[in-house]
Structure formats: structure tokens, C-alpha cells
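*Asks:* This is the structure I have questions about; it appears just below.
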Amino acid sequence: MKTKKIFFRTNLQLLVVFTLAAFLYNGCDKGIAPEPEIPKEEQAGFSGKITFLGQWPDGVQRTHLVVFENPLLSAADFNVFNLKFVGPEIPYGTTEFNYNSVDSFYVEIGAGEYAYVAVAQSKAEELSLNRVDWYVVGVYYANNDTTQPGKLVIPEKTLVKGIDIICDYENPPPQPPGGE
């Protein structure tokens, strides 16, 4: 009986060692080396200028450029799965902000079609993904058509330029559902 236990334990140990060795040999390729960096000219992204007109509201805690893959038709569409890009924080009181998604981002964007590009602000002290904590102060409109948000189309290996947004505090854009 004792030899069966030893035989089983030895075979189990060998199985674990061989499985681990096979995993390491086949699965690690270059170990924990970082992925090779893609040259900027081959990265997909977008760039433009955000212009702020009028007096910034008091109490703004953060301002970001955000991109959603699907339109914001309900408060439920404002979610982490639909959110495809978050730009760096725009300093309070800024009048012009030039950006390039390839250079700076919190959530990286890739090639694809995106339905809603906007500048959103929050007065909440803590960072939140609750729709009620954010309000839109500027929206990207294509071809000067302010009746609906412009679609952002980013082809592979292309930097789309001229995605400009005007944030006019005296004439704010329509708010997506779910805000105050």
C-alpha cells in the first residue's frame, strides 16, 4: 500500500513539474519583456483642439475628453464597456487645449468607429463613473452639423486630425440621458 502512495505522489510531482515546464517553455516567449513599441506614425488615433468660451463654472473638479463607441441613448449607455477613450485632465480655467490621443491617454483608443466624442466635467470630489456626476460641456460635430454628434472614424495606422470641440458655457450642448 505504501508503494502505491509513493508511486502516486512521485507521478503527481512529475506531472506538475512537466506541466509547469511546458507552460514556461511554450507560454512565456520573451518572459515579462514589454511588447515592442509601435512607432507613432503607425498608431491609430485622433487629435484636435478644444476651445473653452465663457466663464468656467465654480466647483469643477475634473475635465476630460471622452469617447464612447455607441451613442448615449440612455443613462445605462454611460458605462465602462462603452467608454473607449479618456484623455488627460484638462486644467481648470483653460481657454485652449491641444491634444493628440497617441501622446496622452488614460484609456487607449484604436482604429474603429465611435459615436460620441465630448468634453465632460464633474464637480464630484471623488472620481466616479456615475452618469449623474458628469455633465457635457462640448461635443464633436462633423461638418458643422450641430444637430447630432459627429461620428469619429479612425482607420488603421492613421492619426485623424481636426477633431475640434468648442465648449461654450453660455450655449451648452444637449445633455445625454441620465444627467441632472
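*Asks:* Let me confirm something: among Val136, Val102, Val80, Val86, which residue is under 15 Å from the mean Cα position of the chain (by Cα) and either over 24 Å from Thr51 (Cβ atoms) or modelled with pLDDT of 95 or more (or both)?
*Replies:* Val80
*Asks:* Residues in segment 147-173 that are assigned to a loop (DSSP other than H, G, I, E, B), more than 21 Å from Gly112 (Cα to Cα) and either open to solvent by 100 Å² or more (accessible area, probe 1.4 Å) or among the basic types (Lys, Arg) (or both): how many?
*Replies:* The total comes to 3.
*Asks:* Take Ile109 and decide whether it is modelled with pLDDT of 95 or more, closer than 15 Å to Val67 by Cβ and not in a strand (DSSP E or B).
*Replies:* So Ile109 does not fit the description; no.
*Asks:* Can I ask one more? All but one of (1) part of a strand (DSSP E or B); (2) under 19 Å from Ala75 (Cα atoms); (3) open to solvent by 60 Å² or more (accessible area, probe 1.4 Å) hold for Ala118; state the number of the condition that does not hold.
*Replies:* So Ala118 meets the others, but not (3).
*Asks:* Would you check which residues across segment 146-180 are acidic (Asp, Glu) and under 16 Å from Leu72 (Cα atoms) and list them?
*Replies:* Glu180
*Asks:* In segment 135-146, what residues are in contact with a Pro (Cβ under 7 Å, 6 or more places away or on another chain) and open to solvent by 40 Å² or more (accessible area, probe 1.4 Å)?
*Replies:* Tyr141
*Asks:* Here's a follow-up. Name the single residue that is most open to solvent (accessible area, probe 1.4 Å) among those in segment 58-79 being of a type outside the set (Gly, Ala, Ser) and under 14 Å from Asp133 (Cβ atoms).
*Replies:* The selected residue is Gln61.
*Asks:* Also, I was wondering about something else. Could you tell me which numbered condition Val132 fails, if it satisfies all but one of (1) open to solvent by 30 Å² or more (accessible area, probe 1.4 Å); (2) assigned to a strand (DSSP E or B)?
*Replies:* In the conditions (1) open to solvent by 30 Å² or more (accessible area, probe 1.4 Å); (2) assigned to a strand (DSSP E or B), Val132 misses (2) alone.
*Asks:* Sticking with this structure for a sec: Can you give me the number of residues within segment 80-96 that are in contact (Cβ under 8 Å) with a residue 40 or more places away in the chain, open to solvent by 80 Å² or more (accessible area, probe 1.4 Å) and not in a strand (DSSP E or B)?
*Replies:* 2
The values are calculated or read from the model by the stated rules, or taken from the named source; none is laboratory data. Since this is a predicted model, take the numbers as computed values, not measurements. Note: ideal-geometry Cβ built from the backbone for every residue, glycine included; neighbour counts use all protein chains shown. Areas reflect the complete protein model, heavy atoms only, side chains present, ligands, DNA and RNA absent. Shrake-Rupley method; radii C 1.70, N 1.55, O 1.52, S 1.80 Å.
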